[in-house]
Amino acid sequence: MPVYSLEIIVVCLGLLMLLIDAFANLSDKRTIGYFGVLGLLVVIGLLFSVEWGSKDAATSVFWKFYAFGDTKSLFFKGIALVSTLIVLIMSIDFAPIVMAQTADPEEGAHPQAGLGEFFALPMFACAGLMWMASANHLVSIFVSLETVTIAFYIMVAYLRRNVGSLEAGVKYLILGALSTGFLVYGMTWLYGMTGSMELPEIGKILASGEVNRTGALFAFALILVAMAFKVGAVPFHNWIPDVYQGAPTPITAFLSVASKAAGFIVFLRITALYLSSGALVGKVTVVLTVIAVLTLIVGNFVALPQTNFKRLLAYSSVAHAGFLLMAMASAPQGALKENAMSVGDVVSFYLGAYLLMTMLAFLVLSALRTSITGENVGSFAGLAKRSPFLAIAMLISMTSLAGIPLTAGFFGKLFVFKLAFDQEQWVLLAVGIIGACAGFYYYLKIAASMFLSEAPAGGTTTAIRVSPAAGIAMVFLMIAIIVVGINPTMMMNLLR
Amino acid sequence: MTILEIIVLLPILAAITIAFGAPARATSLIAAIGVAICAFVTAMPNHFNVSKEGVSNFSFQYFGETGFQGRKVFDIDGFPDISLAFGIDGISMVLMLLTAIVSLAAIWISPKEDAIKGSSKLYYICCLLIGAGAMGAFLSTDLFFLYAFHELALIPTFLMIGIFGVGANRVKTAWTITIYLGVGSLILLLGLIATMSGLNAETFDIPSLIAVARESGMEQQAQMWIYLPLLIGFGILVSLFPFHSWAPNAYADAPTPVAMLHAGVLKKFGLYGLIRVANPILPQGAEALTNLILILLVGNIIILGLVTIAQKRLDKMLGYSSVMHMGYVFLGIASGTYIGTVGAVLLMFAHGISIALLFALSGALRDRYGSLEFAKLGGLAKVIPAAGLLFGFAAFASIGLPGFTNFAAEVMVFFGAFRDFDGTFGPLQWATILALWGVVISAVYMLRAFRNIFKGELAAKLPKVSDLNWAEKLPIFLLLGTLLLTGFVPELLIKYLRPALEGLMVAVGG
């Protein structure tokens, strides 16, 4: 089975879910969600059985927009699928809140009207993300990116009776549209300078040096703006805290993991073209370094005083974007030693680890949301006594995000630091270390709140119920974080 | 599964079974006893080729023939090869015994489940993980896991002090120690990455790294710049002056077993790192920075010694004294001589046992009187004679009186510093002379503490208490017995150190 059939299957699954929603008279629409979960599990299984570079397709003119034989794209498809799977599991638990915030005053409507789409939309976004992972052509990058973004516009503003969600939706829409404009304009310049839309071709032309440097750099700057917006790099990160806070929790998780991962693979693809060009690499590295330093500083330090957990995770996601940019700014030039990790490997590994730990944090948060009002860090007080399982899950997620050894997050940071060290990026290293120190504080603050503070008097002390699917997902993620933290080969093998 | 893997993994497995509902205290004790038995089996002489000069090499196949070689559990390819591998030589043998003994005593002396406020499971899991972290760090032959195992203790320490600590400031103290040690580890990590990059090494295996370093002939200047972050990183973890301020409060506010484990065992990790990693790989870097180390260690001994005298509470005084004594170990390492380094490792063992003993006793006093202020205590020898007697022994050990291991170790450290003395006083000799005054300082504060608490008039308004019970006495006897045994026969430990350090000193060239 060729690789691209995976995306087709996911789109069909999404369409099928919409059809079931419209025509099958379900009493409980959460069944659609479970259907989606099962479908995605099958697709994840298929991921391991796809044929790699089916030769006919790779050489045919039609499939030129698609990268074949690139293991990294398969890894990113995996990230998209797993995060969509977990998002669906979260969404099923989140359904009561969605219903409460979208309830239709009309009489006679289905009590769960509007819930089916909430499960179907992530599927379409997922298909877009998977395609983005293989996009090899400017137009295909643009179309897949828009498929994802438009699905997100709807999902972010899904809670239409909730002002916060609507505010987040509007902000995301306006800034997203603006960044799309920059992207298209940048692509036009790139096409104008090189005369090609295909990335390999563009790479060859840029590397040959027979190109107007100013024009090519201008194109890079424009694309950089758009990509910095997608991955949440400073100074284009302003939307992140508000949108993360306002969006429904499962969608926030989706945004912070899948959308960021997809943004990074496109960013990486386009940047790689410039990094392989001897004439342009110096300037591009400087720009990336400046952005990485800013992102590390702002992300880590603004996270320190945050009290709302979703905002804290938003700044943490900015901070992690900083570490990823640090890796990209330290791209080794020239041939790699055998077995050494390329920038692509490091970034992919980091994002894989980031998926595990961030999704775990959001799973716990959405489980808590059903019984704890408010998302303030203080409202987790005494959780360790009330629900030890959730507290331990959160603790593992936080230690990994903070980058403490024997967790997946540590290896992510270690690889980045090593790369920066080899390239003698001293400023970046210093800022990265300081940022990681700050991370110790704000991530452990969550743990401190759960373990060291007493629950407010008079609150309920009954254990919080966790749905079986979410429980299984949490256990899986916890084990994965620790196993990858002890032996990262498991994840590296998926990259090769 | 080799015996070393059992020693490291047994406490971790025990922690997991407790999380799944096994009885906390019983499981922990079984694991600690199991570890101690395995450790002693490993140390039995029939596993070594004992020749006239002592133990020459280890005959267990996985101990390696020339000393510190590990048996791999698994490999991590790619980023310079990392492998989880455990191995042992004389230095790690001594520290393994220290960890096993102190962990056993710490878990033994922990309160019964129903006496713990809060989750007793969490209490014992954290204790086990702290011990396992130290043990893993001492037995890993891979630089990466040496570092990672030490970090295993970080979060449990945070939780233990924050939840089960004593005093109103415990949460603040928990934060201080965690952030301080976290920063120290990150600086250390930077140093380790610098080592890897500087050597252009393909592996994290410590013996191979030393071999690569010997061949590479890195310049002194480069070595110094790599040694500096290692020194600061390890220094923060050992509470080297002026990076010591986390330690006294942390030990004062920590629950008894954590104070014992941290001051007794975990803090030795930084010293172990210097002896095992930094000095053999970067001998010239160490040489270039010797004077800096000497100044800092005199700070440890003299300045912090005087600060110790000024303390008004027993637990804080012990915290400062434990920081102060690290200066002697640094002196032994900085001397660069064979005898000084043997003394340093022996002192790590002696200090670990004696400070654990002191914290165990001060914890027992705190449980009884609720306060450890010298002003509020007095004349207790009449009320609790056994505690008084044992505290006296512990205090004498800490001062370094003959008959205790501390004496043998400190004498070797001082002799080591004067070994190459040729009539001209260099910085090393001056530092040693100043350090000798430290012995006087320790005598002053220890004896004063003993007199204030146990001698004189019985203080007024003290609650009626009973003397030490057997659950407290036995672990204390264990620690004291170890100190006396190795104090009278230090050869018991030195025979392990001799071959290991001879090999290492060749690497250092000293």
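All of the numbers you see were taken from the coordinates with simple rules; none came from a lab. The model shown is predicted, which means the values in this text are computed figures rather than measured ones. Positions of Cβ are backbone-derived with ideal geometry, glycine not excepted, and every protein chain shown enters the neighbour counts.
Taking every residue in B:182-189 and counting other chain Cβ atoms within 10 Å of its Cβ, the average works out to 5. The label-point distance for A:Gln101 and B:Leu401, in a model that sets each label 7 Å from Cα toward Cβ, rounds to 7.1 nm.
Placing +1 on each Lys and Arg Cβ and -1 on each Asp and Glu Cβ, with no other charges, gives the protein assembly as shown a dipole about its Cα centre of roughly 2380 debye. Considering only alpha-carbon pairs that sit under 8 angstrom and 6 or more positions apart, the relative contact order computed for chain B is 16 percent.
Which shape class, rounded, prolate or oblate, goes with the protein assembly as shown when its Cα gyration tensor gives a ≥ b ≥ c as root eigenvalues, a/c under 1.5 marks rounded, and past that a/b bigger than b/c marks prolate? Prolate is the answer for the protein assembly as shown, as a/c is 1.5 or above and a/b outweighs b/c.
Given 25 °C and 0.890 mPa s, compute D for segment A:285-496 with the Stokes-Einstein relation, Rh being the Kirkwood radius over Cα pairs; round to the nearest whole µm²/s.
In µm²/s, the coefficient rounds to 138.
Per-residue extension of 0.36 nm, minus the Cα-Cα distance of B:Lys117 and B:Ser216, leaves a gain of 30.1 nm for this segment.
Highest-first packing order for the peptide set B:328-338, A:178-188 is B:328-338, A:178-188, based on the mean count of other beta carbon atoms within 10 Å.
Magnitude of the Cβ-charge dipole of segment B:3-508, K/R +1 and D/E -1, about the Cα centre, nearest 20 debye?
2120
For chain B, the residue among B:Pro463, B:Val277, B:Val102 whose Cα projects farthest onto the positive side of the dipole built from Cβ charges is B:Pro463.
The distance separating the Cα centre of segment A:291-366 from that of segment B:1-43 comes to 37 Å. Note on segment B:350-364 and segment B:405-445: Cα centroid distance 24 Å, given to the nearest whole angstrom.
Which whole-number percent gives the relative contact order of segment A:251-354, counting Cα pairs below 8 Å spaced six or more residues apart?
With pairs under 8 Å counted, the relative contact order is 27 percent.
Compute the long axis of helix B:206-216 from its Cα atoms, compare it with the longest principal axis of the Cα atoms of chain B, and write down the angle in degrees, 0 to 90, nearest 10. In chain B, helix B:206-216 runs at an angle near 40 degrees to the longest axis. Using the Cβ-Cβ distance between B:Phe421 and B:Val444 with R0 set to 30 Å, the FRET efficiency works out to roughly 0.60. Electrostatic tally near B:Lys117: other residues with Cβ closer than 14 Å to its Cβ, Lys and Arg +1, Asp and Glu -1, net 0. Under a cut-off of 18 Å between alpha-carbon atoms, report the aspartates and glutamates in cross-link reach of B:Lys461, not counting same-chain residues fewer than 8 places apart. Within the straight-line limit of under 18 Å, B:Lys461 reaches these aspartates and glutamates: B:Asp367, B:Glu373. Helix A:138-156 sits at what angle to the longest principal axis of chain A, using alpha carbons and giving 0 to 90 degrees rounded to 10? Value to nearest ten degrees: 20. Could you tell me which of rounded, prolate or oblate describes segment B:78-149, using a ≥ b ≥ c as the square roots of the eigenvalues of the alpha-carbon gyration tensor, with rounded for a/c under 1.5 and, failing that, prolate when a/b is larger than b/c and oblate otherwise? It comes out oblate by the Cα gyration axes. What separates the Cα centres of segment B:163-227 and segment B:229-257 is a distance of 15 Å.
Answer rounded, prolate or oblate for segment B:435-488, using the Cα gyration tensor with square roots of eigenvalues a ≥ b ≥ c: rounded when a/c is under 1.5, else prolate when a/b is larger than b/c, else oblate. It would help to have the intermediate numbers written out before the result.
Working: a/c = 3.91, a/b = 1.12, b/c = 3.49.
Cα axes put segment B:435-488 in the oblate bin.
Taken over chain B, the alpha-carbon convex hull comes to 133 cubic angstrom per residue. Mean residue ellipticity, 222 nm, helices only, chain A: the sum of -39500 (n - 2.57) across DSSP H runs of n ≥ 4, divided by residue count and rounded to 500, is -24500 deg cm²/dmol. If I fit a long axis through the Cα atoms of helix A:468-486 and take the longest principal axis of the Cα atoms of chain A, what angle between them do I get, 0 to 90°, rounded to 10? Orientation of helix A:468-486: about 40 degrees from the principal axis. Of A:Gly176, A:Phe142, A:Ser73, whose Cα points farthest to the positive end of the dipole of segment A:70-189 (charges on the beta-carbon: +1 Lys, Arg; -1 Asp, Glu; origin at the Cα centre)? Of the candidates, A:Ser73 comes out farthest on the positive side. Charging the Cβ of each Asp and Glu at -1 and of each Lys and Arg at +1, and nothing else, the dipole of chain A about its Cα centre rounds to 760 debye. Considering only A:Leu494, A:Thr295, A:Ala469, and ranking their Cα positions along the charge dipole of segment A:285-496 that arises from unit charges at the beta-carbon of Lys, Arg, Asp and Glu, the one farthest toward the positive end is A:Ala469. Peptide A:389-400 shows a mean partner chain C-beta count of 1 within 10 Å per residue C-beta.
For peptide B:191-203, the mean count of partner chain Cβ atoms within 10 Å of a residue's Cβ comes to 2.
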